[in-house]
Amino acid sequence: MKFKDRFREKHLVVKCGADMFLPFGLILGFYIIAFGTISPGGGFQGGVLVASTVLLLYLAYGFKVMAEAVKPEGLRKGEALGAIIYVLLGLMGIFAGANFCVNVIFDNGQVGDMISAGNITFMSYAVGFKVLTGIGFLLVLMLSLLAALDSERSGGDEKEVVENAGNDAAVSDASGEVAK
Amino acid sequence: MIQHFPVLSVMVLFFSAFLIEIVGKKEILRNVIAFLAVTASLVMLACLIPSVMIDGQVISYWMGGWAPESGYAIGIGYEVDSLSLLFALLGITAYWLSCVYSFGYMKGKQNLGHYYTLFLMLAGASVGFFLTGDIFNMFIMMEIVTFSAVALTAANTDKLTAIEGAFKYLVNCSIGSSMMLAGIALLYMNCHTLNLAQLSAILPGSFNSTTLLAFALILTGFCVESAMIPFHPSFVDAHTVAPSSVSMILSGMVLKLGVYGIIRLSYIIFRVIDTSAIQVMLTLIGTVTMFIGVTMALAQHDFKRLLAFHSVSQLGYIIAAAGLCTTLGLNASLYHAVNHTLFKGLLFLCAGAVIHSTGTSDLDSLGGLSKRMPKTCICFVIGAFSISGLPPFNGFVSKWMIYQAVYEKAMQTGNFFYVVVTVTALVVSVMTLASFVKVLHSVFFGQLRKEHEDVKEVSPIMLIPMGIMSFLCIFTGIFYREFDRVFINSAVTSAFDNIDYVDGMMGDGYSVTYGLAGLTGGNLEFSYWNPYVWLSLFLMVFAAAVLVTLIMGRTTGRTLESGEDYDSAYGTGDLSVDFRGQTHESGDPEEKYAVFFSGEKAEYSHAGGSDLFWGFKYNWHRYYEVLQGLHSGSVNDYSIYAVIMISMLCIFMYIFMR
Amino acid sequence: MILGNYIVSVFLIVLGLWTLCTQKNLIKVVLGLGIIDYGVNLLIVSAGFNEGGTAPIYNLAELARREAVFFVDPVPQALTLTSIVIGACVDAMALSIVIMIKKRYGTVDADEVRRLRG
């Protein structure tokens, strides 16, 4: 296959397969994030699963469709928003008079319900949101570096975002995730 | 409320980092948020000084309210004692100054939103590293510092080689932190706890092979972080190519993470510092580092690379003094750590000002900048005299303490090794002065180059941090006793009598059940000549020199500019052999001095910076061939040195500590 | 105490260090960094093993009966999770730096990328 064929749309079988598996991937990912406190999983694992659907889109439809469906600037803002929500939830403990990250939401439900662990459930959701936007953005960034090597057929505006902010953005994602 | 301040001071920095990522493009809002965040953190940490340093309390704080149950710590704790607070205050001051400097230095470059996000994250992670009481949390903070520092190094778009320095720095720091994580895993296997206070209580009774290997691996991680001898080439590369406000942080604060880690590890967690094997090992590593650092620095052609090698050498001083296990030694080491951040930060900021104005950092092509940039020159002279250890400045105080501490240790134990360390420390100090004379001549004094004719002084917002740092250098040099008593003595006391550390976290009486006792280290009295006497002596000699110059007058006659011909400059008068009774053209040298040049023409000659001390470099050229060949620049070579050092440390622990 | 796990983890660490020391291609160096991380992760997660223990999650039946259940240690599992995240981020950042090196230097051979030396 020639180099520039990489970014065209793929064969019908590949597209149909991706169409069938994309909703399953999304649902599984969100399920693992949502029930993170009562079953194995949690924020990071579910976030990575949801972000892998971005890769599935790229494999089936090519770079242009993926870049239009998943807007990189929105992903950046979403990631920072997730981190801010996490810190604010932690600070709720201080405002209630106890230490940082203390559980202040009681009387939520029985053991085994979805929202039953108080503060930590929402912190887990914030982490999940942050990870899915962060890793999604990372994937879009790396794939657009690949696209930028092919100068005339790639998404032009993605190339500029990437070439200026290449490793800086990747690192601020990475360090943000590590901070959690 | 004051007990929440440690956590809040870390969280406000992280929170603002994420806020800046949202508002990245608007410049004024971003600068205001960054400045407010660093100032708020500084104020909060300064509020802790009365209760922690002066009263001697230990603030302990459990995240999530998980207090220890039945003697086991189950939560993550933050614990602030004087040692932590000293380093955290030092760190946040350095970040404040660098933030103000980078408003001016990074103006006009692209992607400043990313720069400030990473900068605030670096700040939050360093302060969190110093204040935390959980060993895995220390590892996480060290990782965040590594990521942010590598990304900030790679963000220098002016230099082509920045990306290569960042890669080597990343590989080197990753090896160190992976070894540290392996050490933490081994430690957990043995002790089933991750809390520093509980480890400090449990460990001295249960030394076996696992904990010894854990000690070696975690010590390796901290030695990598503090640029000890085989791990230093990547650090030097990174400090050279980073933007100058970041270089100041890398050299001033990130290296101190390793120093704090080594002190916390050997004095408080493992309490192995009172065995002579560990003392000799730490002092040996420090001595070799200081010697190799300064000899490599004498041979450099690049301004910032020279400063980076000096950083490595001063870190050698700090670790060599910390490895002595006397109160005077630890006092000297901590004082020198504080001073190093101040004067090395000042030197890097001046280097940044020079690079910002002239665009080059090569010693051979700069010269005579003191006429155009006088304030930068004064700040640099203050910094250069501080690092060499000249009297009214702060370097003199801490270096004198180090000499006295090593000398006392040599007298006390009678070990010949410490005599060698004393002599090396003195020789390295002299060589530091020599290389700074070289830098001063080749950058600031000497003749101004034609292409640098129209450089201007840098903007005031870059001069303010330099001014504050010079003032602090002089202040801690003249009022050393008050500064020492308030800040450093309390830190040393908390490191030696560390029972409060354990009791503060785990409840009173915990240390008694384990039979702990503090370390003993001797008294804290030191004496040296009064700096006021030295200051007045200096001023008298200076006044005498000025008087002599004014009375005798200068030799008339000027030197040629480069490219000028003698005849066109001086007219067509001929300088004949007969020098009696000739009428000279204006501008010729006076006849009674002509015997000194034996009638030769005065020509323009610029001694490039690397031409000074040529004789020294020639005499040692075999040594320099070997050393400069070892700093080969290839990432594989640096990894080989790291692996050799890791194995040597592990083997050393097994041989000497059974 | 699973001896096989410990042996394999030490082998992985040594293999990663050997890759860092001898391979010239910078992408292989990054792979070596990743292998060291995986070896250390295996070491951590094997540290918390209790023989005969179950997964450290209560389900409703056990809680209703209020009996003591024998778990494996959950703390190393949390440490390993964090460490995997860190390893992934180190690899991502290192690879993006290698891409920039290729763009500016034109090569990814470690013997050519050596302009800072001496």
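The values are calculated or read from the model by the stated rules, or taken from the named source; none is laboratory data. What you see is a predicted model; the values in this text were computed from it and never measured. Cβ sites come from the backbone with ideal geometry, for glycine too, and all protein chains shown count toward neighbours. Ligands, DNA and RNA are excluded from the accessible area calculation, which covers all protein heavy atoms including side chains. Shrake-Rupley method; radii C 1.70, N 1.55, O 1.52, S 1.80 Å.
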Every listed condition ((1) in contact (Cβ under 8 Å) with a residue 60 or more places away in the chain; (2) open to solvent by 40 Å² or more (accessible area, probe 1.4 Å)) holds for residue B:13 save (2)
Per the filter on segment B:41-75, residues among the β-branched types (Val, Ile, Thr) and in contact with a Pro (Cβ under 8 Å, 6 or more places away or on another chain) are B:59, B:74
Inside segment B:82-108, the number of residues satisfying the requirement of being surrounded by 24 or more Cβ atoms within 10 Å (Cβ to Cβ) and over 23 Å from the mean Cα position of the chain (by Cα) is 0
The helices (runs of 4 or more DSSP H) lying entirely within segment C:1-112 that contain at least 2 residues which are among the hydroxyl-bearing types (Ser, Thr, Tyr) and at the interface with chain A (Cβ under 10 Å from one of its Cβ atoms) are C:75-105
Any residue at all in segment B:473-492 that is of a type in the set (Asp, Glu), in a helix (DSSP H, G or I) and either at pLDDT 85 or above or under 30 Å from residue B:103 (Cβ atoms) (or both)? no
Is it true that residue B:235 is buried (at least 24 other Cβ atoms within 10 Å of the Cβ) and closer than 28 Å to residue C:92 by Cβ?
yes
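Rundown of residues vs (1) over 26 Å from residue B:279 (Cα atoms); (2) within 20 Å of the chain's Cα centre (by Cα), yes/no style:
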residue	(1), (2)
B:332	no, yes
B:340	no, yes
B:346	yes, yes
B:354	yes, yes
B:360	yes, no
B:365	yes, no
B:368	yes, no
B:411	no, no
By residue number, the members of segment B:223-271 that are among the small types (Gly, Ala, Ser) and either within 14 Å of another protein chain (Cβ to nearest Cβ) or at negative phi (or both) are B:226, B:234, B:238, B:242, B:244, B:245, B:247, B:251, B:252, B:258, B:261, B:266
- Going by the conditions given, is residue B:458 touching a residue at least 12 places away in the same chain (Cβ under 8 Å), open to solvent by less than 20 Å² (accessible area, probe 1.4 Å), in contact with a Ser or Thr (Cβ under 9 Å, 6 or more places away or on another chain) and of a type in the set (Val, Ile, Thr)? yes
Expected single match for over 25 Å from residue B:73 (Cβ atoms) and among the β-branched types (Val, Ile, Thr) among B:175, B:218, B:184 is B:175
Exercise for review: Evaluate the following for residue B:140: is it open to solvent by 20 Å² or more (accessible area, probe 1.4 Å) and among the aliphatic types (A, V, I, L, M)?
Suggested key: no
*Out of all the residues in segment B:407-423, is one or more open to solvent by less than 30 Å² (accessible area, probe 1.4 Å) and under 30 Å from residue B:374 (Cβ atoms)?*
no
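Filter segment B:159-171 for residues that are open to solvent by 10 Å² or more (accessible area, probe 1.4 Å) and not hydroxyl-bearing (Ser, Thr, Tyr); which is modelled with the highest pLDDT?
B:160
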Considering segment B:192-206, residues that are part of a helix (DSSP H, G or I) and open to solvent by 10 Å² or more (accessible area, probe 1.4 Å), and then whichever is nearest to the other protein chains (Cβ to nearest Cβ), we arrive at B:202
When every residue in segment B:167-191 that is facing another protein chain (nearest Cβ under 7 Å) and of a type outside the set (A, V, I, L, M, F, W, C) is compared, the one nearest to residue B:235 (Cα to Cα) is B:174
Being modelled with pLDDT of 65 or more and within 13 Å of chain B (Cβ to nearest Cβ) narrows A:93, A:136, A:128 down to just A:93
Of the residues in segment B:150-166 that are within 10 Å of chain A (Cβ to nearest Cβ) and either among the small types (Gly, Ala, Ser) or over 21 Å from the mean Cα position of the chain (by Cα) (or both), the one that is nearest to residue C:102 (Cα to Cα) is B:163
Screening B:255, B:213, B:219 for residues that are modelled with pLDDT of 90 or more, assigned to a helix (DSSP H, G or I) and open to solvent by 10 Å² or more (accessible area, probe 1.4 Å) leaves only B:213
All-but-one check, residue B:14 against (1) within 11 Å of another protein chain (Cβ to nearest Cβ); (2) over 26 Å from the mean Cα position of the chain (by Cα), failing number (2)
For segment A:68-90, the count of residues that are surrounded by fewer than 22 Cβ atoms within 10 Å (Cβ to Cβ) and either touching a Cys at 6+ places or on another chain (Cβ under 9 Å) or of a type outside the set (A, V, I, L, M, F, W, C) (or both) equals 9
Matching residues in segment B:258-278 (open to solvent by less than 10 Å² (accessible area, probe 1.4 Å), part of a helix (DSSP H, G or I) and either at pLDDT below 90 or not β-branched (Val, Ile, Thr) (or both)) number 10
Residue hits (segment B:16-31; closer than 26 Å to residue A:134 by Cβ and free of Cβ contacts under 8 Å to residues at least 24 places away in the same chain) are B:19, B:22, B:26, B:29
Checked pairs for segment B:611-633, first more than 14 Å from residue C:118 (Cβ to Cβ) and assigned to a loop (DSSP other than H, G, I, E, B), second of a type in the set (A, V, I, L, M) and at pLDDT 85 or above, C-beta under 7 Å and 6 or more apart or across chains, list as B:613/B:298; B:613/B:434
For segment B:21-41 the number of residues that are at pLDDT below 90 and either closer than 30 Å to residue B:59 by Cβ or not in a helix (DSSP H, G or I) (or both) is 4
